[in-house]
């Protein structure tokens, strides 16, 4: 949801999510606990995606660039955690 649609549900444990069939028999995701969710802007969604791609691929330049795009230079914090 975060990387494709920009929708963030901050408490997605099994007790807050379930699947049901709609009137046409199609499956739909039902989200419970509507206290903590938000829709990300397109630029934030893309920068967040870039950040995590950088983390998973261990690409320091991608992490650094994405951190700056997000308005929080997380690069220094991240490098301190892994060294």
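Note on residue 46 and residue 24: the model spin-label points, each 7 Å out from Cα along the C-beta direction, lie 3.1 nm apart.
Rg to Rh for the chain: what is it, with Cα atoms only and Rh by Kirkwood?
On the Cα set of the chain, Rg over Rh gives 1.12.
Working ranking of peptides 33-45, 56-68, 16-28 by packing, defined as the average number of other Cβ atoms within 10 Å per residue, highest first, is 56-68, 33-45, 16-28. Considering helices alone, the calculated mean residue ellipticity of the chain at 222 nm is -13000 deg cm²/dmol, with DSSP H runs of length four and up weighted by -39500 (n - 2.57) and normalised per residue.
Three principal axis extents describe the C-alpha atoms of the stretch 41-83; from largest down they are 32, 19, 13 Å.
Extending 7 Å from the Cα toward the beta-carbon at both residue 55 and residue 17 defines two label points whose distance is 1.7 nm.
Taking the C-alpha atoms only, the angle from helix 42-57 to the longest principal axis of the chain is near 70 degrees. Pairs of Cα atoms nearer than 8 Å and 6+ residues apart set the relative contact order; for the stretch 4-68 it is 28 percent.
Every read-out reported here was derived from the displayed coordinates using simple, explicitly stated rules and does not represent laboratory data. Model, not experiment: these values are computed from the prediction. Cβ coordinates were reconstructed from backbone atoms using ideal geometry, including for glycine residues, and neighbour counts include every protein chain displayed.
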